[in-house]
1. Could you please give the count of residues in region A:73-93 that are in contact with a Lys or Arg (Cβ under 7 Å, 6 or more places away or on another chain) and surrounded by fewer than 23 Cβ atoms within 10 Å (Cβ to Cβ)?
2. Given the structure, is A:A530 modelled with pLDDT under 90, farther than 21 Å from A:C441 by Cβ and not in a loop (DSSP other than H, G, I, E, B)?
3. Can you tell me which of (1) in contact (Cβ under 8 Å) with a residue 24 or more places away in the chain; (2) surrounded by fewer than 17 Cβ atoms within 10 Å (Cβ to Cβ); (3) within 14 Å of chain B (Cβ to nearest Cβ); (4) touching a helix residue (DSSP H, G or I) at 6+ places or on another chain (Cβ under 6 Å) is the one A:I487 doesn't meet?
4. Tell me whether region A:42-59 contains one or more residues that are of a type outside the set (D, E, K, R), in contact (Cβ under 8 Å) with a residue 24 or more places away in the chain and crowded, with 23+ Cβ neighbours inside 10 Å.
5. Is it true that A:E97 is free of Cβ contacts under 8 Å to residues at least 40 places away in the same chain and out of contact with any Leu (no Cβ under 6 Å at 6 or more places or on another chain)?
6. If we scan region A:278-286, do we find a residue that is surrounded by 15 or more Cβ atoms within 10 Å (Cβ to Cβ) and in contact with a Ser or Thr (Cβ under 7 Å, 6 or more places away or on another chain)?
7. Evaluate the following for B:C282: is it assigned by TED's automatic domain parsing to the domain that holds B:G245, within 21 Å of the chain's Cα centre (by Cα) and farther than 17 Å from B:A224 by Cα?
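The values are calculated or read from the model by the stated rules, or taken from the named source; none is laboratory data. What you see is a predicted model, and the numbers here were worked out from it, not measured in a lab. We place every Cβ from the backbone using ideal geometry, glycine too, and count neighbours over all the protein chains shown.
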Amino acid sequence: METFPLPASIGRVCPHPCERKCRRGKVESPISIAALKAFAADETRRRGEFAAAPAIAEPALAGKRVSIVGGGPAGLTCAYQLARRGAKVKVYDQMPEMGGMLRYGIPEYRLPKAVLKAETDLIASMGVEFVNGFKIGRDAKLADLRRECDALVVANGAWRSSPMRIPGEDLEGVLGGIDFLREKPRLDGRTVAVVGGGNTAMDACRTAVRLGAKAVYVVYRRTRAEMPAEEIEIVEAEEEGVSFKFLRNPVEIAAADGRVAAMKLQVMKLGEPDEKGRRRPVPVEGEFEELKLDTVIMAIGQKNDPAGFEQLVATDRGTIAADSAYRAAFKDEAPGLAPVFACGDAVNRGAGIAIQAIAQAKETAESIAAHFAGRAFESGLGTISARDPERIDFSVYEKKPRETAAVRPAAERRADFGEVSKGLTAEQAQAEASRCLKCGCHDYQDCKLIRYAKALKTDVLRLRGEFHPAELETKLVSIERNQRKCIACNLCVRVCEEQAKKGLIGLVGRGFTTVIRPEFRDPAAVAGCAECRLCVDACPTGALRLLAK
Amino acid sequence: MLIAAYAIGARDAFVYVRAEYPLAIVRLEKALADARKAGILGQSVLGSGFACDIRIKAGAGAFVCGEETALIESLEGSRGMPRLKPPFPAEKGYLNKPSNINNVETFANVAWIILNGGAKFAAMGTENSKGTKVFALTGKIRRGGLVEIPMGLTLREVIFGIGGGIRDGKRFKAVQMGGPSGGCIPESLLDTRIDYKELGATGAIMGSGGMVVMDETTCMVNMAKFFLDFTARESCGKCVHCRIGTRRLHEILTRITEGRGKEGDVELLEELCRGIKDGALCGLGQTAPNPVLTTIRYFRDEYDAHICERRCPAGECAALRKFWIDPAKCKGCGACARKCPVKAISGEPRSPYAIDSAKCIGCGSCEGACKFGAVSRV
């Protein structure tokens, strides 16, 4: 909850790029981070403990009014983070309810609306005002909103399906992927083709199955190996009876009686890899195939709708241009109006996954806070150096299988919109969490060393040399000391002696090899530790940490 | 000391001696016992009613305890680490009381001045530096040892006059003045007078009075490495500049002497040295870069030879040394091959042996083993 207010929703829908980076993956398979997030969120809600993270005191935004256009993951996260700082936040959304694409793009079987509702309700309970059914351009001009607030955030998302640019795509029976997911028309007895290989295509084909379609095809111009969709989504779609037509590219949609009747497909083959290393599909000269059908769903991408936002400076992709502090610019800037920030799918590189929009929204809130505090905004801390995971010996860890949530049988789930995944059980969640290697630094957010290094633009690696030879970890009553993070600044020694009046720890050894140890390296010397934690608080890196009881 | 104590009204006095010098401690103890017996120390010094006693504190041998505030910490029973100054010891010293802290040599001079008069002391020496100074003359010198000389003599007079010049007919190369954190003075500056100001201008210091003479077989990079090895070990660890900085200097110097130097290393050394001089808390760190800075200043060509040509001009750095066997002198006895630790020497008895330079590690064992002078450096 420290980061964003939608853990139960994101835990269910996120394609979790984090899991690809998880170092447990080097042992056998990564931690089920997303499933654990959903479990933790569901469990706290079940216990009635679902609550916002503590308010942020510094810098406080009490009395500041911020209006947000768009009630999706970006807009809601931004609202939540601003509300935690005491701002008076108002969120405008064109749809009847909040949630954006999480509500209107993600199918119910992946994210039940009730789960999302609980999370949006929490945001409302923090005093954030929701205004639904409000469309910029129709109900008010963007400039009008700028007059009613001290800062405006545009997070209106990408709600238009990208066209295929082929003859016949305007026919009746051709739908945009996200439009189809939003409207969910019955498809009883229909033959449906979904064009595209991403997660939206998977959502569309599986939704089509549930809406009664007789046959559902996915048409994709490359092969299964190149599909950007999550593997689990492809597998579950197959289980539910979806047929895949690989290496086929639609070139024309044919009509009969004014509606879709067939789609002409160009047969493709894989050519040379492109700059991303993905093999480019190239047409096989003269080879075509015809697919008889009556519904086509285009799920090849989505774009933002600039209507109502014409005054904002745009990128050459047509998205809103935002700078590194998430500031957007008005083409004819008038003085005295609230500054405009922008984040999410409508900005810069366009549509991505929800968690990327959320990350931007969190930083946007920080940028707004910095703006009111009169400070320059600096994006996340980043890292100074990272150990190459290839050079770490993971063989010391015992292999334990990854826990995955049970799913309902395909025959049962394809008939309704009930949630496919049953979620992790408490036992599974504990087993899964215990697989964590705890490789991250617990003090990363508070590390003074990395902040100083960044502020002073220090090239830390230039003078890289021998490392501090200290042992990895020593336990000191309830305090864990990681000597490899220790910079021997001596603050803990001083605070123990001068403030706690104990003097239990001291410096052992001289110069470079100095380590911090109980007096005379005697573990009994720390028996007098009252666990006042002053040393943990004083530690500027992450060398000291309090162990959980 | 007693005079100083009387002058400032101190009751307690200490002599701080390293515990590794037991002979000095034994002698000092005898002197103190004798003084007490003679009534010079104690409740009423010479019957004057002034009470003062001197105690001996045996230090555990940390170099940094020569720094006055670290010495005071050590006296108090704490870890020998310098304090931030101010306050200076004259305001808050031992047990936070005003303290006077001086070198033995200084106190010794005081007694002489009182006995003989200030004018007589000032008659010796130069404008800036009066009196005499004791030096420990050592290294590749014919006659080494402790010498007390009047200030103002030139280095040449001390080394070639008193010291009798260089041993074994070798050429003079440099003199390291002022201990491990002093500086190196080349032959061209041998006519520098021994005077605080003039010595300081060369980059060296008077320091502890160490005077280590080096001849042409000493590699100046290796010499700087040797002193940095010492200061890095003796750094107390309190401030980052000294703790990490001296270590990094030593690592870079090691790299250079092992033939792994990189272009820009000398500039990096200089930058680090400046950082350490500016940032270090006490004299140890502030002066530790001196050997590096002065050798770069006067012997930059040796650094460049190591880095660019992978060559040690003095032939001292083992990793950069290569040997060869003169076939005309080699009798084929095989003594060198038997001594070689890496089996780089091969040959048939009674015919000239040869060294495989790819295997040779430059240790020099063969040179020492050869009775016929057939092995020499390339």
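1. 1
2. no
3. (4)
4. Taking every residue of region A:42-59 in turn, none turns out to be of a type outside the set (D, E, K, R), in contact (Cβ under 8 Å) with a residue 24 or more places away in the chain and crowded, with 23+ Cβ neighbours inside 10 Å.
5. Judged against the criteria, A:E97 is a match.
6. There is no residue in region A:278-286 that is surrounded by 15 or more Cβ atoms within 10 Å (Cβ to Cβ) and in contact with a Ser or Thr (Cβ under 7 Å, 6 or more places away or on another chain).
7. Yes, satisfied.
Table: residues versus (1) touching a helix residue (DSSP H, G or I) at 6+ places or on another chain (Cβ under 7 Å); (2) at pLDDT below 95; (3) assigned to a loop (DSSP other than H, G, I, E, B); (4) more than 14 Å from chain A (Cβ to nearest Cβ).
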site: B:I296; (1), (2), (3), (4): yes, no, no, yes
site: B:R311; (1), (2), (3), (4): yes, yes, yes, yes
site: B:E316; (1), (2), (3), (4): yes, yes, yes, yes
site: B:K329; (1), (2), (3), (4): no, yes, yes, yes
site: B:P341; (1), (2), (3), (4): yes, yes, yes, yes
